[in-house]
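Contents: one structure, followed by commentary.
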Amino acid sequence: MRDVYNAVQMKWDRVAKPIDGLGRFEKIICKIGAVKGSTDFSTDKKAAVIFCSDNGIVEEGVAQTDSGVTAAVCANIYKGEATSSKMARVAGADCFAVDVGMRYDAPAHFINKISQGTKNFRHERAMTPLQARQAVSCGCEMIGKLGEKYDIIAVGEMGIGNTTTASACGAAVLGKRAEEVTGRGSGLADEQYHNKINIINEALDKYAPSKNIYDILSCVGGYDIGAMAGAFIGAKKYGVPVIADGAVSMAALLLARLEERDITDYVIASHRGKEPLSAIALESLGLDAVISGELALGEGTGGIMLFPLLDMAMAVYNNKTFDELGIESYKR
């Protein structure tokens, strides 16, 4: 991969513009080329895949709404009416909903329902180790399936209560307490927020999960997080560049790194989200997101927002070279 990365960078240096003129976007294009194994590649065919599932922990009042909202948003993605769908349309991307474990049935492009939501991890483990493996496998194989048609894929999630599961997973991987990584999600009041923190800490102390992707998922995870972790693993397996979204997908990426230490070579960070876990995870993963807009919407919207920026960077990458224009080139 490093040889291809360097070759893409050399091609950048021949393009008629100042050296490193597009900054971090040049590095992202180098990474995409390295994943694809070529200096001549396209990102024209774009997709967003949104993994939808429910979390039993919502029974503890950690979210403002109930699980019915998950199914409603999934149905809107399917109909092309969700926020992610609207943004994807503007970006020239196709947007797919995957039911990986919603409590209620709703239309989706792909049905891979493991169960009708996870268990309430305050009282019992969220899922079995087998279910954790099924979630990871679902995400991995989804990248394999979509990667046959699309050049680049953004991943996201929809699942009421999943900032709680994400904070729990992130804290477990990073060895932190809940208060260090947990935000207010969709806008919790003080009492709900402190309840959320206490519940996560209680669960981590109770289960003491090992630094293993399946153990952490089975203790405090969600199917959406497991599926996104699998999608990142699939990026490496199938040679498809995958874009991560905010805090929930960062938790998934932290888990994926437990399985594949070099996983960040295949994943692009889109934005630094509003939840504390987002910035903490980015630093731990050694990733530098290019969008910093305090986004906290989910549904892969940060990754989708990156698509048009990458289109512009690719337009420059494929522009005339100094040699073609008969101009003396800049030297690195």
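When you look at VAL4, is it buried (at least 23 other Cβ atoms within 10 Å of the Cβ) and either without any contact (Cβ under 8 Å) to a residue 24 or more places away in the chain or of a type in the set (Val, Ile, Thr) (or both), yes or no?
So VAL4 fails the test.
Within the group CYS30, CYS74, which residue is touching a Cys at 6+ places or on another chain (Cβ under 7 Å) and either within 30 Å of LYS237 (Cβ to Cβ) or among the β-branched types (Val, Ile, Thr) (or both)?
Criteria check complete, one pass: CYS74.
Suppose we keep only residues that are under 24 Å from ASN195 (Cα atoms) and of a type in the set (S, T, N, Q) within segment 60-108. Which one would you say is nearest to the chain's Cα centre (by Cα)?
Top of the filtered list is THR70.
Out of the residues in segment 144-168 meeting the condition of being among the charged types (D, E, K, R) and in contact with a Ser or Thr (Cβ under 8 Å, 6 or more places away or on another chain), tell me which one is farthest from GLY273 (Cα to Cα).
ASP151
Counting just the residues of segment 187-226 that are free of Cβ contacts under 8 Å to residues at least 40 places away in the same chain, among the aliphatic types (A, V, I, L, M) and under 13 Å from THR163 (Cα atoms), which one comes out surrounded by the fewest Cβ atoms within 10 Å (Cβ to Cβ)? Explain how you work it out, then say what you get.
First pass over segment 187-226, keeping only residues free of Cβ contacts under 8 Å to residues at least 40 places away in the same chain: 189-191, 193-194, 197-198, 200-201, 204-206, 208-210.
Still in the list and also among the aliphatic types (A, V, I, L, M): 189, 197, 200, 204, 208.
So of that shortlist, the ones also under 13 Å from THR163 (Cα atoms) come out as 197, 200.
On the way: ILE197: 20, ILE200: 28.
Ranking the qualifying residues of segment 187-226, first place goes to ILE197.
Determine which member of the set ASP288, ASP311 is in a helix (DSSP H, G or I), of a type in the set (Asp, Glu) and over 11 Å from ALA244 (Cα atoms).
ASP311
For the subset of segment 209-234 comprising residues that are part of a loop (DSSP other than H, G, I, E, B) and under 17 Å from the mean Cα position of the chain (by Cα), which member is farthest from PHE51 (Cα to Cα)?
Of the residues in segment 209-234, the ones part of a loop (DSSP other than H, G, I, E, B) are 209-212, 221-222.
Applying the additional criterion that residues be under 17 Å from the mean Cα position of the chain (by Cα) yields 221-222.
Working: GLY221: 14, GLY222: 10 Å.
Result: GLY221.
Condition test on MET127, is it buried (at least 18 other Cβ atoms within 10 Å of the Cβ) and more than 26 Å from ALA279 (Cβ to Cβ)?
yes
Of the conditions (1) out of contact with any Asp or Glu (no Cβ under 7 Å at 6 or more places or on another chain); (2) surrounded by 22 or more Cβ atoms within 10 Å (Cβ to Cβ); (3) of a type outside the set (A, V, I, L, M); (4) in a helix (DSSP H, G or I), LYS237 satisfies every one except a single condition; which number is it?
It fails just one condition, (2).
Filter segment 271-311 down to residues that are among the hydroxyl-bearing types (Ser, Thr, Tyr) and closer than 26 Å to LYS211 by Cα, then give me how many there are.
2
State the number of residues belonging to segment 245-286 that are closer than 25 Å to LYS36 by Cβ, of a type outside the set (Lys, Arg) and surrounded by fewer than 17 Cβ atoms within 10 Å (Cβ to Cβ).
4
What are the residues in segment 28-53 that are surrounded by fewer than 18 Cβ atoms within 10 Å (Cβ to Cβ) and in contact (Cβ under 8 Å) with a residue 60 or more places away in the chain, if any?
Within segment 28-53, GLY37, SER42, ASP44, LYS45 qualify.
Coordinate-derived values only; no laboratory data. Just so it is clear, the model here is predicted, and its values are computed rather than measured. All Cβ positions, even for glycine, are placed from backbone atoms using ideal geometry, and neighbour counts span all protein chains on display.
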